[in-house]
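Below you'll find the structure, written out as structure tokens, and then a few comments.
The values are calculated or read from the model by the stated rules, or taken from the named source; none is laboratory data. Keep in mind that this is a model prediction, so the values were computed, not measured. Methodologically, a virtual Cβ is constructed for each residue, glycine included, from the backbone with ideal geometry; neighbour enumeration extends over all protein chains shown.
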Amino acid sequence: MYKLIAIDLDGTMLNSYGIVTENTKNTISKIIESGVDIIIASGRPIDSIKAIAKEIKSKKYFIAGNGALVYDIQKDEIIYEKNMSKEKVLEIIKICEENSIFYNVYTNKTILSKSLKHNVLYYHKENLKKEENKKTNINIVSNMYEYVKNLKEDKFLKITICDESKTIFNSIIRKLREIAEIEVLDVEHMSRKIIKQGTEDIPIEYYYTEISLANVDKWNAIEFLIEKLKIKPEEVIAIGDNINDKKMIENAGLGIAMKGSTPLVTEVADDIAESNNEEGVSKILQKYYKNINF
């Protein structure tokens with residue numbers, strides 16, 4: 001029997017509006033009640049994940065920053081972390097500024113950005129529907145280099161690079177890959193999300209990649225929890241949709257990709273769930289936990 005389930009958020013547990021449906025919440029909470037640990041494994045920062053963990057009644061751990069840290073919910077503290085150095089972050093910022101590419105810096109406390117655009121605009125719109133204590137912290141700064149240079153306590157989880165033009169995007173990726181000791185995710189397809197503008201649905205579409213310290217990924221963070229919980233890799237289910245989920249889907253006892261996932265993820269998955277807009281997480285979990293009365 002599977003004892004730990006790690007689930008990605010965007011494109012997986014959350015639908016295109018950034019919502020966990022009531023059916024999905026109900027399915028997850030009932031599996032947790034049966035004694036199975038369900039954790040969120042996301043690229044988001046701590047505060048953004050905390051609120052969703054509470055919604056699904058996940059009370060033990062979650063993974064943030066694509067595996068840069070593991071957070072103990074009960075102790076309210078980070079118990080595992082692999083952060084980028086400030087020097088490395090500043091090096092990447094300099095390249096982005098010189099090439100006029102949109103980027104944002106994820107710290108353990110907030111998302112730093114120069115404007116509300118692409119992924120940051122999506123998080124901002126998501127915040128408008130949330131209570132104050134459940135919002136993703138976004139900090140708009142005009143001079144990113146100087147701001148980061150003067151930060152004292154923040155820890156740097158990752159940097160996200162976004163652009164609507166594939167040509168411009170690919171050009172910056174080539175330059176970033178020349179930097180030592182970092183990992184640039186090989187994301188091949190556009191991010192597609194939806195925001196509400198009055199009664200109208202507005203799509204947000206952009207190419208993006210995520211940069212973290214080398215050898216930082218969700219599976220390494222899961223391995224830390226496997227050891228802590230004294231379970232085996234074959235007792236883990238991992239569910240995701242994008243390249244940052246590939247290693248955990250590939251190495252888990254049961255790896256599940258969402259319908260419409262990037263092909264590299266689908267290729268290594270043991271099973272395919274319906275899409276995030278069809279409550280795929282809820283349906284696939286009910287398939288593997290038939291003994292629970294949903």
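Brief remarks follow.
- When Val265, Val184 are checked against the criterion of being under 30 Å from Lys3 (Cβ atoms) and either without any contact (Cβ under 8 Å) to a residue 40 or more places away in the chain or not basic (Lys, Arg) (or both), Val265 stands alone in meeting it.
- Restricting attention to the stretch 130-170, the residues being β-branched (Val, Ile, Thr) and within 17 Å of the chain's Cα centre (by Cα) number 5.
- Condition broken by Ala64, with the remaining ones in (1) closer than 18 Å to Val216 by Cβ; (2) assigned by TED's automatic domain parsing to the domain that holds Glu181 satisfied: (2)
- Residue among Ser115, Ser212 that is of a type in the set (Gly, Ala, Ser) and in a strand (DSSP E or B): Ser212
- Residue within the stretch 225-233 that is surrounded by fewer than 20 Cβ atoms within 10 Å (Cβ to Cβ), more than 21 Å from Gly67 (Cβ to Cβ) and of a type in the set (Val, Ile, Thr) present: no
- Any chance Ile194 is in contact (Cβ under 8 Å) with a residue 60 or more places away in the chain, in the same structural domain as Tyr103 (by TED's automatic domain parsing), among the β-branched types (Val, Ile, Thr) and in contact with a strand residue (DSSP E or B) (Cβ under 7 Å, 6 or more places away or on another chain): yes
- Some residue of the stretch 133-140 being under 17 Å from Leu9 (Cβ atoms) and at pLDDT 95 or above: yes
- Set side by side, the residues Tyr106, Tyr71, Tyr80, Tyr123 differ, and just one is of a type outside the set (Asp, Glu) and more than 30 Å from Ile226 (Cα to Cα), which is Tyr123.
- For the stretch 179-190, the criterion of being over 26 Å from Lys218 (Cα atoms) and at pLDDT below 90 is met by no residue.
- Filter pass, Val105 being among the β-branched types (Val, Ile, Thr), outside the structural domain of Ile46 (by TED's automatic domain parsing) and assigned to a strand (DSSP E or B): yes
- Selected residue (criterion: surrounded by the most Cβ atoms within 10 Å (Cβ to Cβ)) from residues of the stretch 29-66 that are among the basic types (Lys, Arg) and in a loop (DSSP other than H, G, I, E, B): Arg44
- All of (1) surrounded by 15 or more Cβ atoms within 10 Å (Cβ to Cβ); (2) farther than 21 Å from Asp217 by Cβ hold for Asn104 with one exception: (2).
- Among the residues examined, Glu126 does not qualify as of a type in the set (Asp, Glu), over 17 Å from the mean Cα position of the chain (by Cα) and either within 26 Å of Ala41 (Cβ to Cβ) or surrounded by fewer than 20 Cβ atoms within 10 Å (Cβ to Cβ) (or both).
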